Number of protein chains: 2
Amino acid sequence: MINMQSKNNLVSWQMNCPVSIPENAEYVTLAHGEGGRLSRKLIQERIVHLLNNEYLVALNDSAQLPSVNGPLALTTDSFVVSPLFFPGGDIGSLAVFGTVNDLAVSGAKPLWLTLSLIIEEGFPLAILDRILKSIARAAQETGIKVVAGDTKVVPRGAADGLFINTAGVGELITPIPPGPATLQVDDELIISGPIGRHGIAVLAAREELALEPLPLSDCGSLIRPVERLRNELGDQVRCLRDATRGGVAAVLHEWAEASKLTLSINERSIPVSPEVRGVCELLGLDPLHMANEGTMVIAVKQGSGAAAVEALQSLSETADARLIGTVNSQGIAPVTIRRTLGSEQPLDDPLGSPLPRIC
Amino acid sequence: MINMQSKNNLVSWQMNCPVSIPENAEYVTLAHGEGGRLSRKLIQERIVHLLNNEYLVALNDSAQLPSVNGPLALTTDSFVVSPLFFPGGDIGSLAVFGTVNDLAVSGAKPLWLTLSLIIEEGFPLAILDRILKSIARAAQETGIKVVAGDTKVVPRGAADGLFINTAGVGELITPIPPGPATLQVDDELIISGPIGRHGIAVLAAREELALEPLPLSDCGSLIRPVERLRNELGDQVRCLRDATRGGVAAVLHEWAEASKLTLSINERSIPVSPEVRGVCELLGLDPLHMANEGTMVIAVKQGSGAAAVEALQSLSETADARLIGTVNSQGIAPVTIRRTLGSEQPLDDPLGSPLPRIC
């Protein structure tokens, strides 16, 4: 385990920033966050025109939205990733995809997003613009509309550059996956792609590791893969979960706890990119504990595993999906792994994380 | 204008804390925010049991909520108030009432809330518990259910104690106030209670002013007053707005901009408590620029002002409601005020705020 804290006392948001800050740059001031004229200017000129949609332009206390036929899904996440830019994404795309994916894996069609910024005084407006553009791009890609927002500015030293919160509303689509409490013995476990890419990408960016090729984050949308599974497998899907903080290991432990069964996976079946494997071996990290931001674990009923893998492999973003294990009756450990060398071992539940601030 | 920034470099969250921290106290660690076992323990043992409801207990990626008949309202706010505790409230009650009020003044019945915490490493769990209890109390009082949440921990120095984000979903109730763009000449303007109380309470707490009596924040729910206005006045209500950052002046300027009319108020009619008046005179602040957190501005059609004031005065929380002005055809200034001494003057639009971090 590496101690990452020392770096955080640096101005970590300047790292990996793809924008060069000119001499006469403009910076965020406290007044930008205080609800007066400068706040309105910031919101109107830099945010609303980028995220433009019929609900946001009204800028009322709340967005007024049409009624939804079905039941709703509601979720929220705050993003404090450091550094703000990493190979394959940034805090902006992460904030959109993270919340969109939470809705998608719950069985919902993502509809609306709120966007709340906490900005440190002195943050360059050029970097903020870059992140807002990334938010706009991710929102457009996923078809979600940013309909409400908030901007706060705190004095220098009271926050580390920029924190983002998003909350998402979606419409639940039948059949809604019933969740991990319904898991049964012989259910099959699937991973939608190579694991650990987001955690290793952030680690590489933060530690400025000179890796070639650079490990890219998997930061991206799971809407299409979830839709494909719904269309192809219907109610054969028990549960889905994007394996963010705590990685695949944390998801499996939560499911084992919810189902009172033992989940067993096979190390040989788990896709890991050469870049991720290399960094993990070098630093003694387990890819199963590393965060993902566009990769999910799926459990399907016995006999549906191959069809689920085939459905996922037909999409570019989940072309490397694999069957990784099965659900068994409760054994001595909640989660077990058959290591490449053949022995079956308990898989640790991460107590915390090897790496803080990865999302 | 007072420079408040110097204080923010102190550990401002310890100020005014009503909890004494014992020698063997427990503190928030980075691992509490990393999605593993400690995160789940924090959420299960300290949050879920306090905010207990049928939607939150599932702890899925998203809350699954029943369908809503009517159109929806969606809003979000981040709270970075310093200090965390002030006379009349704390960051927890503020985070609930702030979002509930944004829904209420939009014409919605508040239904569900998300709660996202960004906590600085080393924050005492005893203080966190106190704030969570305050959140639970405010949620119970307003009948809103906290159905989804998130917890992030950042290293020491990367945030100032605790930031909270809430997003709220409500059901819009007919008649929905059509908003400030529909204002007409001779519409009447009302304030629901004495102004500037929240801003002055936070100022007093931050500067440790030895005032007697202590100015109390108006931090509280506007659900009942909005319901009362809806029931008594129906579609006579044009628009409502809780006068938070920027105070009453910012609301009037936004409405003047939206309607292209001039809003004129009468200083003599505006209720100001003796405590707020005293501090404002002492420090050269204008109560019209100071933040409120449970006080709203209302515009009603010509002839309905007296009925609106009477409806509000029948409730304890808005017993001091007053008619404060009227809407006029566009004059030289968007907002004017007849001062107590008789002269009519333009009322400034606050560029920023005299006081950062009041919510």
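The values are calculated or read from the model by the stated rules, or taken from the named source; none is laboratory data. All values reported here derive from a predicted model rather than from experimental measurement. Note that each Cβ is placed from the backbone with ideal geometry, even for glycine, and that neighbours are counted across all protein chains shown. Ligands, DNA and RNA are stripped out before the accessible areas are found, and what is left, the full protein with its side chains, is counted by its heavy atoms. Shrake-Rupley method; radii C 1.70, N 1.55, O 1.52, S 1.80 Å.
Structure notes:
- Count of residues meeting criterion [assigned to a helix (DSSP H, G or I) and closer than 11 Å to B:ILE191 by Cα] in the range B:253-273: 1
- All conditions in (1) surrounded by fewer than 21 Cβ atoms within 10 Å (Cβ to Cβ); (2) within 19 Å of A:ARG224 (Cα to Cα); (3) touching a Cys at 6+ places or on another chain (Cβ under 9 Å) hold for A:LYS109, with the sole exception of (3).
- Sole residue being part of a helix (DSSP H, G or I), more than 12 Å from chain A (Cβ to nearest Cβ) and closer than 18 Å to B:GLY303 by Cβ, chosen from B:LEU189, B:LEU233, B:LEU203: B:LEU233
- Some residue of the range B:213-232 being touching a Pro at 6+ places or on another chain (Cβ under 6 Å), open to solvent by 10 Å² or more (accessible area, probe 1.4 Å) and of a type in the set (A, V, I, L, M): yes
- Filter result (hydrophobic (A, V, I, L, M, F, W, C) and in a helix (DSSP H, G or I)) within the range A:285-300: A:LEU288
- For the range A:55-75, a tally of residues being surrounded by 15 or more Cβ atoms within 10 Å (Cβ to Cβ) and either within 26 Å of the chain's Cα centre (by Cα) or in contact (Cβ under 8 Å) with a residue 24 or more places away in the chain (or both) returns 12.
- Here A:PHE97 clears all of (1) within 7 Å of chain B (Cβ to nearest Cβ); (2) open to solvent by 10 Å² or more (accessible area, probe 1.4 Å) except the condition numbered (1).
- Which listed residue, of B:PRO271, B:PRO346, B:PRO287, is open to solvent by 10 Å² or more (accessible area, probe 1.4 Å) and within 18 Å of the chain's Cα centre (by Cα): B:PRO287
- Qualifying residue in the range B:140-156 (condition: outside any strand (DSSP E or B), at the interface with chain A (Cβ under 10 Å from one of its Cβ atoms), open to solvent by less than 50 Å² (accessible area, probe 1.4 Å) and not acidic (Asp, Glu)): yes
- If you filter the range A:194-212 down to residues that are surrounded by 24 or more Cβ atoms within 10 Å (Cβ to Cβ) and under 15 Å from the mean Cα position of the chain (by Cα), you find that the one that is nearest to A:MET15 (Cα to Cα) is A:VAL202.
- For the criterion of being part of a loop (DSSP other than H, G, I, E, B), modelled with pLDDT under 95 and not β-branched (Val, Ile, Thr), A:LEU282 fails.
- Subset of the range B:34-85 (residues that are more than 7 Å from chain A (Cβ to nearest Cβ) and in contact with a Ser or Thr (Cβ under 6 Å, 6 or more places away or on another chain)): B:SER82, B:PRO83
- The set of residues in the range A:76-94 that are open to solvent by 10 Å² or more (accessible area, probe 1.4 Å) and part of a loop (DSSP other than H, G, I, E, B) comprises A:PRO87, A:GLY88.
- Residue pairs whose Cβ atoms lie under 7 Å apart, separated by 6 or more positions or on different chains, with the first residue in the range A:32-47 and more than 18 Å from A:ILE131 (Cβ to Cβ) and the second open to solvent by 40 Å² or more (accessible area, probe 1.4 Å), are A:GLU34/B:ARG245; A:GLY35/B:ARG245; A:GLY36/B:LEU351; A:ARG37/B:LEU351; A:LEU38/B:LEU351.
- Looking only at the range A:160-186, and only at residues there that are among the polar types (S, T, N, Q) and within 9 Å of another protein chain (Cβ to nearest Cβ), the one that is surrounded by the fewest Cβ atoms within 10 Å (Cβ to Cβ): A:ASN165
- Qualifying positions in the range A:238-250 - more than 7 Å from chain B (Cβ to nearest Cβ) and open to solvent by 10 Å² or more (accessible area, probe 1.4 Å): A:ARG238, A:LEU240
- Taking residues in the range A:213-240 that are closer than 15 Å to A:ALA108 by Cβ, and partners anywhere that are in a strand (DSSP E or B) and of a type in the set (Gly, Ala, Ser), the pairs with Cβ atoms closer than 8 Å and at least 6 places apart or on different chains are A:VAL237/A:ALA299; A:CYS239/A:ALA299; A:LEU240/A:ALA299.
- Filtered by the rule that a residue be open to solvent by less than 10 Å² (accessible area, probe 1.4 Å) and not small (Gly, Ala, Ser), the range B:291-314 gives B:ASN292, B:GLU293, B:THR295, B:MET296, B:VAL297, B:ILE298, B:VAL300, B:LEU312.
- Subset of the range B:26-39 that is of a type outside the set (Asp, Glu) and open to solvent by 50 Å² or more (accessible area, probe 1.4 Å) - its residue that is farthest from A:PRO177 (Cα to Cα): B:TYR27
- Every listed requirement among (1) at the interface with chain A (Cβ under 7 Å from one of its Cβ atoms); (2) open to solvent by less than 10 Å² (accessible area, probe 1.4 Å); (3) assigned to a strand (DSSP E or B) is met by B:LEU103 save one, (3).
- Restricting the first member to the range B:265-277 and to residues that are closer than 22 Å to B:GLY331 by Cα, and the second to residues that are among the hydroxyl-bearing types (Ser, Thr, Tyr) and open to solvent by 20 Å² or more (accessible area, probe 1.4 Å), the beta-carbon pairs closer than 7 Å and six or more apart or on different chains are B:GLU267/B:THR340; B:ARG268/B:THR340.
- Checked against the criteria, A:GLY88 does not count as modelled with pLDDT under 95, outside the structural domain of A:ARG228 (by TED's automatic domain parsing) and over 19 Å from A:LEU51 (Cα atoms).
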